[in-house]
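Since the structure comes first, as C-alpha cells, the remarks are kept for the end.
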Amino acid sequence: RELYETGMSVIIPSTRKSRPDSLTHRVKTTSNFVNIMAKMAASRQGFAEAVMLSSEGYVADATVDNVFIIKDGELLTPPKHVGIIAGITRNAILEMAKELGFSAREEILLPHDLYNADECFLTGTAAGIMPVVRVDERVIGNGHPGDLTHQLMIAYWELVKRDGVPVYTK
C-alpha cells in the first residue's frame, strides 16, 4: 500500500528477454525463467522490480508488469513487437487514457527514455498502476509519483470498481 503513495525503485538488469521470434516468448508460463533471474537480481540489489530489455536493448516490460512513461504530457509504452506480453491492464490503461484526453501511444523506448521520463509506472492485474520513482538509482521526475500517474490511478480503480468482477464478497 505504501508503494502506491511513495513509488517504487526498479533496476534494469543485465539479463535480457528472449527474442520476439522465439517460440515461447508470448507464453507466460514458458518464458518466466529469464524473468525470475531478473527478479532475483533486483532483490539482491535491494530493488522491488526489474525492467527487462529486449534482445535488441529496447525497454520491454517488467518481470510481471508492463511499463509506461510520461514525457511532456504524453503517455508512452513499448510496442508489442519488442517482445512484451500485451497485458489486459496495459490495454485498459491505453483505452482509458485516450478517453481521459491523454495522448497515449506505443513507442520504442530505450533505458535513456526511462531515466529522463517525467513520470513512470508499471501496470499489472495484481498491482493495477504502480508508480516508479527511481530506475537504476536515477530519480524519475521529482522523485515522487507524478500528478498524471495519480490521475490515471484514480480513474483505473474507479473503472475496476465499476466494470470489474468482484473477487471477494462478505
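The values are calculated or read from the model by the stated rules, or taken from the named source; none is laboratory data. Computed from a prediction, not measured in an experiment: that's the story for all the values here. Here the Cβ positions follow ideal geometry from the backbone for every residue, glycine too, while neighbour counts run over all protein chains shown. Just the protein is used for accessible areas: all its heavy atoms, side chains included, with ligands, DNA and RNA removed. Shrake-Rupley method; radii C 1.70, N 1.55, O 1.52, S 1.80 Å.
For segment 86-128, which residues satisfy the criterion of being among the polar types (S, T, N, Q), in a strand (DSSP E or B) and within 13 Å of Y156 (Cα to Cα)?
T123, the sole residue that qualifies.
Tell me whether segment 69-83 contains one or more residues that are touching a residue at least 12 places away in the same chain (Cβ under 8 Å), touching a Cys at 6+ places or on another chain (Cβ under 7 Å) and within 21 Å of G7 (Cβ to Cβ).
yes
For P131, are the conditions met, namely being touching a residue at least 60 places away in the same chain (Cβ under 8 Å), open to solvent by less than 20 Å² (accessible area, probe 1.4 Å) and not acidic (D, E)?
Yes: the conditions hold for P131.
Can A41 be described as among the aliphatic types (A, V, I, L, M), surrounded by fewer than 18 Cβ atoms within 10 Å (Cβ to Cβ) and touching a strand residue (DSSP E or B) at 6+ places or on another chain (Cβ under 8 Å)?
Yes: the conditions hold for A41.
Given the criteria closer than 21 Å to L3 by Cα and among the charged types (D, E, K, R), does D118 qualify?
Answer is yes for this residue.
Only one of these conditions is not met by D61: (1) exposed (fewer than 15 other Cβ atoms within 10 Å of the Cβ); (2) not in a helix (DSSP H, G or I). Which number is it?
Condition (1) is where D61 drops out.
Are any residues in segment 137-161 in a loop (DSSP other than H, G, I, E, B) and open to solvent by less than 90 Å² (accessible area, probe 1.4 Å), and if so, which ones?
I140, G141, G143, P145, G146
Among residues belonging to segment 64-82 that are open to solvent by less than 10 Å² (accessible area, probe 1.4 Å) and of a type in the set (V, I, T), point out the one that is farthest from F121 (Cα to Cα).
V82
Find the residue count for segment 147-161, including only residues that are among the charged types (D, E, K, R) and farther than 11 Å from P131 by Cα.
Total satisfying the criteria: 2.
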